[in-house]
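Worksheet: the structure to be examined is printed underneath.
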Amino acid sequence: MSIGVDAAALGMSNAVVSHTADVNSGYWNPAGLLKMEDNQLSLMHASYFANIAQYDYAAFAMPLDDRSAVGVSLIRFGVDDILNTTQLIDSQGNVDYNRISLFSAADYAVTVSYARALPVQGFNYGINAKIIRRIIGDFASSWGFGFDLGLQYETQDEWKFGLMLRDITTTYNTWAINDEEFQKIKDAVPGENQEAPETSEVTLPKAQLGMSKKFIFHYDYSLLTAANLNMQFARTNDIFSSNLVSIDPAIGLEGGYLDLVFLRCGVGNFQNQLDILDSEKISFQPNIGIGFKYKGIQVDYALTDLGDQSAALYSNIFSLKVDLGIFR
């Protein structure tokens with residue numbers, strides 16, 4: 001749930017909380033769903049870790065009236081066809097390759113979003129309800145639930161501000177361990193795996209504060225400037241870190257021509273790191289992207305990565321957004 005969706009947003013280093021205004025707002029800030037004029041559909045695919053892990057996303061959103069909108073999205077991040085070698089050696093010590101099976105480890109998230117305009121001019125809010133499902137073959141599975149709250153405000157001179165509070169009640173995942181499968185691996189390595197893992201996980205709240213403004217030049221050219229402050233309420237390696245809150249800034253730019261072609265770039269994920277000589281340095285993640293839009297169909301591409309922890313630093317991400325009004 002921390003990776004992000006939509007190649008257009010990822011190309012801007014996720015600095016989109018204040019101006020997101022389409023079907024993908026269900027992820028970034030549900031308040032942005034109110035900016036849609038018609039039903040929209042979005043799809044995205046990305047591969048990570050040399051195509052070992054697959055990341056897929058689909059979303060649909062629609063206006064209810066001029067003051068409210070709803071959306072639903074599905075995310076899957078999974079590694080498939082993992083070799084299960086726990087039964088490779090039988091009780092007599094014989095190696096039998098026919099005893100090898102395959103399994104998948106996958107995480108799913110279903111999000112239902114609702115957005116509504118506030119009585120104050122320019123203010124909108126949105127709420128997400130999330131269901132998290134995690135499956136590790138036949139070994140274990142979990143269910144989790146959580147909520148997000150988003151706000152957007154636009155001034156008369158078109159400055160935009162956004163606040164996204166993720167997991168505001170904490171997101172709680174409860175695991176069910178398959179005891180029969182656990183017993184099979186309990187003594188595979190003497191002294192290891194003697195106790196079942198913890199059966200609960202808690203995701204702490206996070207906050208994202210953003211601002212943006214779009215400038216128009218000679219009617220044909222535009223430049224969207226945006227910035228985010230991504231906050232975690234714990235000490236991390238973020239560039240600004242304390243026991244109370246840690247802050248990671250992100251900056252994104254999008255240049256447009258005739259609302260037809262878009263070039264994007266961004267920088268974020270600023271982290272304090274120690275190098276091989278134990279001296280501290282600041283690392284960051286640059287992203288770039290391009291997009292095309294024609295008659296309600298938008299195709300976007302981004303070159304980015306999954307943090308700086310991926311072995312292959314950069315990943316290719318493609319997304320498609322369709323305004324379903326074109327089929328009427």
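With K and R counted +1 and D and E -1, the other residues having a Cβ less than 12 Å from that of residue 40 yield a net charge of -3. For residue 214 and residue 74, the FRET efficiency from 1/(1 + (r/R0)^6), where r spans their Cβ atoms and R0 equals 25 Å, is about 0.25.
Considering only 293, 213, 186, give the residue with the highest GNM mean-square fluctuation for the chain, with springs between Cα atoms whenever their separation is below 10 Å. Taking springs between Cα atoms under 10 Å, the residue moving most is 186. When the chain is described by a simple charge dipole with +1 on each Lys and Arg Cβ and -1 on each Asp and Glu Cβ, the residue from 239, 93, 44 located farthest towards its positive end is 44. Helix-only estimate, please: 222 nm mean residue ellipticity of the chain, summing -39500 (n - 2.57) across DSSP H runs of length 4 or more and dividing by its residues, to the nearest 500. Calculated from helices alone, the mean residue ellipticity at 222 nm is -1000 deg cm²/dmol. Using only side-chain charges placed at the Cβ, +1 for Lys and Arg and -1 for Asp and Glu, the dipole size of segment 7-327 relative to its Cα centre rounds to 880 debye. Here is the list for segment 146-234: GluC sites (Glu not before Pro) lying in DSSP coil, each with at most 14 other C-beta atoms within 10 angstrom of its C-beta, are 158, 192, 195, 198. Measuring nothing but protein heavy atoms, the accessible surface of the chain at 1.4 Å probe radius is 60 percent carbon and sulfur.
GNM on the chain, C-alpha springs below 10 Å: top fluctuator among 257, 48, 97? Result for the chain, Cα springs under 10 Å: 97 fluctuates most. Rolling a 1.4 Å probe across all protein chains gives residue 217 an accessible area of roughly 100 Å². Per q in 0.08, 0.13, 0.15, 0.16 1/Å, what log10 I(q)/I(0) does a Debye calculation on the alpha-carbon atoms of segment 7-327 return? Log-scaled intensity ratios, in q order: -0.44, -1.06, -1.33, -1.47.
Residues 143, 175 ordered from highest to lowest accessible area at a 1.4 Å probe: 143, 175. Under a Gaussian network description of the chain, with springs only between Cα atoms under 10 Å, the residue in 275, 220, 148 that fluctuates furthest is 275. Separation of segment 234-277 and segment 16-86, taken as the distance between their Cα centroids, equals 21 angstrom. Residue 23 sits with roughly 10 Å² accessible to a 1.4 Å probe, with DNA, RNA and ligands left out of the calculation.
Positive end of the dipole of the chain (Cβ unit charges, origin at the Cα centre): among 30, 59, 152, the Cα lying farthest that way belongs to 152.
Figure note: 218, 45, 19 ranked by solvent-accessible area, largest first, 1.4 Å probe, ligands and nucleic acids not counted: 218, 45, 19. For segment 43-109, the equivalent ellipsoid built from the Cα gyration tensor has semi-axes of 43, 12, 6 Å, listed from largest to smallest. Using a probe of 1.4 Å, the accessible surface attributed to residue 179 totals some 90 Å² when neighbouring protein chains are kept in position. Ordered from largest to smallest accessible area (heavy atoms of protein chains, 1.4 Å probe), the residues 149, 43 come out as 43, 149. Taken per residue, the accessible surface of segment 1-99 reaches 43 Å², heavy atoms only and a 1.4 Å probe.
The values are calculated or read from the model by the stated rules, or taken from the named source; none is laboratory data. In this text, all values refer to a predicted model and were calculated from it rather than measured experimentally. Neighbour counts are summed over all protein chains in view; Cβ atoms, including those assigned to glycine, are modelled from backbone coordinates with ideal geometry. What goes into the accessible areas is simple: the full protein's heavy atoms, side chains included, and nothing from ligands, DNA or RNA. Shrake-Rupley method; radii C 1.70, N 1.55, O 1.52, S 1.80 Å.
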